[in-house]
Amino acid sequence: MDIKGAVALVTGGASGLGEATVRRLHAGGASVVIVDKNAERGAQLSGELGERAVFADTDVTSAESVQAAVGLATEIGPLRIAVNCAGSGMVGRTINRDGSPHDLAVFEWVIKLNLIGTFNVASLAASAMSKGEPLAGGERGVIVNTASIAAFDGQIGQVAYSASKGGVVGMTLPMARDLGVVGIRVMTIAPGSFDTPIFGFAGDAMKSALTEIVPFPTRMGDPAEYGALVAHIVENQYLNGEVIRIDGAVRFPPK
């Protein structure tokens, strides 16, 4: 699929992996809908990009909120690309050191944001895409979801986060099979440690520990590398129903 001329909706689009994706798709000629809860940063980014960029203050866990963002995208033109980057995590063990259980509300919040939010956006975006005219080869759209290598190598304290991202991995193939009949592809990217604002709290020692275990290149990932992979997925029609790790060949140790 050609990026140029398409409309792309990117959640978590105001920062980190989402911002890098917005910038890459916009540079490729797409019109972008920046979906985020950070209204200040979202408006700033859309203003910086100018033409072909709009911001939608959106809660990805709300069907009504996401439908409004999808509606905005379809007003601009044919919605062809949806990228789910919105997400977060909380550290917590199944039981704490004192034997107390994991906070169920925290677990539910992580699942709701990372997994249910991803499905909500994918489903509503796919519904809009299915109504569009097919391109060459019958293709109507591409959905790219974001998991994490924690889906496979979850560390101590990542039980909620790993479960949420494992769910994203698990729905990749059935979603692609569901949507193949209408010409919509579904892919998932599982990033390793990327230099995004979520690591803003981390000191040099933590960042060093994250990078020294990466075989090559021995550094954190650059969000632009994630954005480049999204662009390749969009343009490569035979990529469908699969999860791609982008992690420098690292495998997370237990802690």
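Among the residues of the range 211-232, none qualifies, meaning not one is in contact with a helix residue (DSSP H, G or I) (Cβ under 9 Å, 6 or more places away or on another chain), modelled with pLDDT under 90 and of a type outside the set (A, V, I, L, M).
Going by the structure shown, is A150 under 28 Å from M220 (Cα atoms) and modelled with pLDDT of 95 or more? For A150, the condition - under 28 Å from M220 (Cα atoms) and modelled with pLDDT of 95 or more - is met.
Here the range 227-247 is the region considered, the condition is being touching an Asp or Glu at 6+ places or on another chain (Cβ under 9 Å) and either of a type in the set (V, I, T) or within 19 Å of G180 (Cα to Cα) (or both), and the residue that is surrounded by the most Cβ atoms within 10 Å (Cβ to Cβ) is V234.
Given the criteria at negative phi and part of a strand (DSSP E or B), does M175 qualify?
In short, no.
Summed over the range 55-90, residues that are of a type in the set (A, V, I, L, M, F, W, C) and closer than 17 Å to L115 by Cα total 8.
Which one of these is closer than 22 Å to S164 by Cα and in contact (Cβ under 8 Å) with a residue 24 or more places away in the chain: G12, G77? Spell out the reasoning first.
Numbers: G77 fails: closer than 22 Å to S164 by Cα.
Exactly one residue qualifies, and that residue is G12.
A quick yes/no check of all residues on (1) charged (D, E, K, R); (2) at pLDDT below 95; (3) farther than 19 Å from L25 by Cα:
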site	(1), (2), (3)
K165	yes, no, yes
V168	no, no, yes
P174	no, no, yes
G200	no, yes, yes
A209	no, yes, yes
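A30 meets the conditions (1) in contact with a helix residue (DSSP H, G or I) (Cβ under 8 Å, 6 or more places away or on another chain); (2) over 25 Å from Q158 (Cα atoms); (3) of a type outside the set (V, I, T) in every case but one. The failed one is (1).
How many residues does the range 99-125 hold that are in contact with a strand residue (DSSP E or B) (Cβ under 7 Å, 6 or more places away or on another chain) and surrounded by 22 or more Cβ atoms within 10 Å (Cβ to Cβ)?
Going through the range 99-125, the residues in contact with a strand residue (DSSP E or B) (Cβ under 7 Å, 6 or more places away or on another chain) turn out to be 101-103, 106, 118, 121-122, 125.
Filter again for surrounded by 22 or more Cβ atoms within 10 Å (Cβ to Cβ), leaving 118, 121-122, 125.
Counting residues in the range 99-125 that are in contact with a strand residue (DSSP E or B) (Cβ under 7 Å, 6 or more places away or on another chain) and surrounded by 22 or more Cβ atoms within 10 Å (Cβ to Cβ) gives 4.
Does T74 meet the test of being in contact with a Leu (Cβ under 9 Å, 6 or more places away or on another chain) and closer than 30 Å to V234 by Cβ? No: the conditions fail for T74. Look at the range 203-215: where a residue is part of a loop (DSSP other than H, G, I, E, B) and a partner is of a type in the set (A, V, I, L, M, F, W, C), sitting 6+ places away or on another chain with Cβ atoms under 6 Å, you get I213/V250; V214/V250; P215/A249.
Every residue, every condition in (1) farther than 13 Å from V121 by Cβ; (2) buried (at least 24 other Cβ atoms within 10 Å of the Cβ); (3) β-branched (V, I, T), yes or no:
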| position | (1), (2), (3) |
| --- | --- |
| G16 | yes, no, no |
| L25 | yes, yes, no |
| A30 | yes, yes, no |
| V35 | no, yes, yes |
| N38 | yes, no, no |
| S46 | yes, no, no |
| D59 | no, no, no |
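The values are calculated or read from the model by the stated rules, or taken from the named source; none is laboratory data. These numbers come from a predicted model, not from an experiment. Every residue, glycine as well, gets a Cβ built from its backbone with ideal geometry; the counts of neighbours run over all protein chains shown.
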